[in-house]
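K.L.:
Structure below; questions to follow.
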Amino acid sequence: MQVSWGHKHSALTLEIEDFFLGSVIDAVVSQVMLLLREKGVQLIRDIPEEIKTLIVHGDQVRIQQVLADFLLNMVQYAPSPDGWVEIQLRPSIKPLSDGVTIVHIELRIVCPGEGLPPELVQDMFHSSRWVTQEGLGLSMCRKMLKLMNGEIQYIRESERCYFLIILDLPMTTHRGSKSVS
């Protein structure tokens, strides 16, 4: 299934397919490994075991791209060396009335200290004129997430800051599904 989204001169097409949620998270983590090593930043994973077997329905490539971009930015601005970035994933399964089951994903990408510069956060949420290249990238990621009915917030607390990404993906079940007529 394809969903198209046109914006002025560029069009974005979502490629919808079944995929393991766990393999996307693994791919995202492997994309930041080099930067983590360069900066001497530790990655803490708080990810439940059951996500490895969760098969969801969505645009695997775009989801991976978006999550990797948010994670890379957080690692970029984590205190270095001896800093850390944590990925917390909280999936919950919600059956809907029409027989579809949704995996509600809450993903936090946390780092201590100040985190992203204010102008970058500003760029991410206001898309009229971008000050930074990264801000433009984050803004595009936010739009992509929105297109997939997801949302993102950037939250600053006294000692830490985090991206909160919320995404609902239909779950795929391959257990001889019977159609009720």
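The values are calculated or read from the model by the stated rules, or taken from the named source; none is laboratory data. It should be emphasised that the depicted structure is a prediction, and the values quoted were computed from it without experimental measurement. Reconstructed Cβ throughout: ideal geometry from the backbone, glycine too, with neighbour counts over all protein chains shown. Each accessible area value is taken on the protein alone, full model and side chains, heavy atoms only, with ligands, DNA and RNA left out. Shrake-Rupley method; radii C 1.70, N 1.55, O 1.52, S 1.80 Å.
K.L.:
Sort out which residues of the range 129-181 are farther than 21 Å from Cys111 by Cα, loosely packed, with under 14 Cβ neighbours inside 10 Å, at pLDDT 85 or above and not basic (Lys, Arg), and write them in order of number.
P.N.:
Listed by number, the list holds a single entry, Asn149.
K.L.:
Next question. Is it true that some residue in the range 1-19 is at pLDDT 95 or above, open to solvent by 80 Å² or more (accessible area, probe 1.4 Å) and either among the aromatic types (Phe, Trp, Tyr) or assigned to a helix (DSSP H, G or I) (or both)?
P.N.:
No, that holds for no residue.
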